[in-house]
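Accompanying notes for the structure given below.
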Amino acid sequence: MELTATFQLTDREYRSLMRHSPVIRLYAAVSLLLALTGALALLFDDSNEWLVYFGLGMLICLETIIPYISARKVAARLPGPWTLHLTEETYTLRTSTSRFVVAWRACDSARERGGFWFLETSLITAEVIPKRAFDEHQRAALAAFLARRFPQARGPWYRLFA
C-alpha cells in the first residue's frame, strides 16, 4: 500500500477534529457525569447545585469554546496544504513548516470517528488522518490496511468513547 494525498483542513474540520479527539470525549463524559450527579443530589435536597452548573459549563466549553480556540491556533501554526504519504511501514505528514514521520509500529490503535482516523499510542492521540483527503478506492484500501494492522479488540467497559 502506498497512498499520497494533499489537502487543506477547513475551520469546520479543525473544530470537528478537536471535538472528536479522545481526550475531549473523555472530559465531556466526566462533565456530563458531574452534571448528572448534581441533578441527582438536588432531587434529594442536597445543596450541590454547583455540580450541575460546573458540569454543564464544562460540557459547553468542551463542545464550543475549546475547539474554536484550538482550531484557530493550529490553523495559524500550520498554514497551507498538508501532504500525507502512507506506506506499509510509515505515516508521513508534510506541512509548509514541518515534516513528521511515524512508523506504524509506534501506534497501538487506529480509531475511526467523526470523519477522521485517530492513530493512538496508549491513551494519547499521535496523529490524525482525514477521510475526505482520499477518494473512495483509497479510503477502502486504507480502512482495510488499518483493520489488518490494528485489529479491533473489544475494549474495556469503562472506556465509553473508545
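Is it the case, given these coordinates, that L123 is touching a helix residue (DSSP H, G or I) at 6+ places or on another chain (Cβ under 8 Å) and at pLDDT 85 or above? Outline the logic, then answer.
Working: touching a helix residue (DSSP H, G or I) at 6+ places or on another chain (Cβ under 8 Å): yes; at pLDDT 85 or above: no.
Answer is no for this residue.
Kindly check whether there is at least one residue in the stretch 85-93 that is of a type outside the set (V, I, T), free of Cβ contacts under 8 Å to residues at least 24 places away in the same chain and open to solvent by less than 80 Å² (accessible area, probe 1.4 Å).
Here is the first cut: in the stretch 85-93, the residues of a type outside the set (V, I, T) are 85-86, 88-89, 91, 93.
Remaining after also requiring free of Cβ contacts under 8 Å to residues at least 24 places away in the same chain: 89.
Filter again for open to solvent by less than 80 Å² (accessible area, probe 1.4 Å), leaving none.
Among the residues of the stretch 85-93, not one is of a type outside the set (V, I, T), free of Cβ contacts under 8 Å to residues at least 24 places away in the same chain and open to solvent by less than 80 Å² (accessible area, probe 1.4 Å), which makes the answer no.
Which ones in the stretch 1-53 are open to solvent by 70 Å² or more (accessible area, probe 1.4 Å), more than 30 Å from S96 (Cα to Cα) and touching an Asp or Glu at 6+ places or on another chain (Cβ under 9 Å)?
L40, L42
Quick one: how many residues across the stretch 130-151 are within 12 Å of L3 (Cα to Cα) and open to solvent by less than 30 Å² (accessible area, probe 1.4 Å)?
4
The values are calculated or read from the model by the stated rules, or taken from the named source; none is laboratory data. All of these numbers come straight from a predicted model, not from anything done at the bench. With ideal geometry, Cβ positions are generated from the backbone for all residues, glycine too; neighbour counts draw on all protein chains shown. What goes into the accessible areas is simple: the full protein's heavy atoms, side chains included, and nothing from ligands, DNA or RNA. Shrake-Rupley method; radii C 1.70, N 1.55, O 1.52, S 1.80 Å.
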